[in-house]
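One structure is given here, and the rest of the page talks about it.
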Amino acid sequence: MNDVDARMDRLRRAARYRYERLVESEIERGSLDPDEVREERRLLQAKDVGQHARALIEEAERRGVFEGNPYHGKPLPSNDGRHDPDWWIRSKIEREQISGIAPPAFALRKEDAELEDQLDALSTEGDVRDVLEDFNARVKEARRQLLGGPPVVTPLRDVDAAVSAWHARREARAASDAAAAAARAAASDTRQPRWWRRRR
């Protein structure tokens, strides 16, 4: 007897036990609900796991468990027909924007894509260097790990080049902000009323 047959046998015995208890309790109360008795009989007659699963789904549909479910009767989103055993966890991570639990290869790749924005929020060169050195150290450590998972393909950052790029972006931003402030000041000067002009 394989595992599936053993499981089905246990399910049948449990269904038979529930059926007998149900019949006994209903007999004691004097009222039998024919739908419940019929459902238990149908579960007892299920021949394989597929039939049992279909029976459970049909019973849940009759109770209205699936009402209001946006995917009832429709294919699941992001299901392109390929087998992906981790589809549910991927969709949960995307839907709830969970971070910090991804494999290092994924986490570092995402952090690498957002690193310039993180650096631009810093105000001193020392902080920028610290962040870059920490990032490079984590990339090196992830490459040394032998725990399996996807390979780490995130490149190391050249600290001096990244700091120079940070300075260039910072200067460009400062020049842009100064030009915008000068334009706003010039626009506000031309809009001021000439209240001191004499009326004729």
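The values are calculated or read from the model by the stated rules, or taken from the named source; none is laboratory data. No experiment lies behind these values; they were computed from the predicted model shown. Accessible surface areas use protein heavy atoms only, side chains included; no ligands, DNA or RNA. Shrake-Rupley method; radii C 1.70, N 1.55, O 1.52, S 1.80 Å.
Some points to look at:
- Contour excess over end-to-end distance, with Cα ends at GLU125 and ARG143 and 0.36 nm allotted per residue: 3.8 nm
- ³J(HN,Hα), Karplus 6.51/-1.76/1.60, whole Hz, each residue of the stretch 103-109, x for Gly, Pro: x, x, 4, 6, 5, 5, 5
- Accessible surface ranking that places the most exposed of LEU22, LEU119 first, with a 1.4 angstrom probe: LEU22, LEU119
- Cα gyration tensor, the stretch 109-148 - rounded (a/c under 1.5), prolate or oblate: oblate
- With a 1.4 Å probe rolled over the protein heavy atoms of all chains, the accessible area of ASP112, ASP117 falls in the order ASP117, ASP112, largest first.
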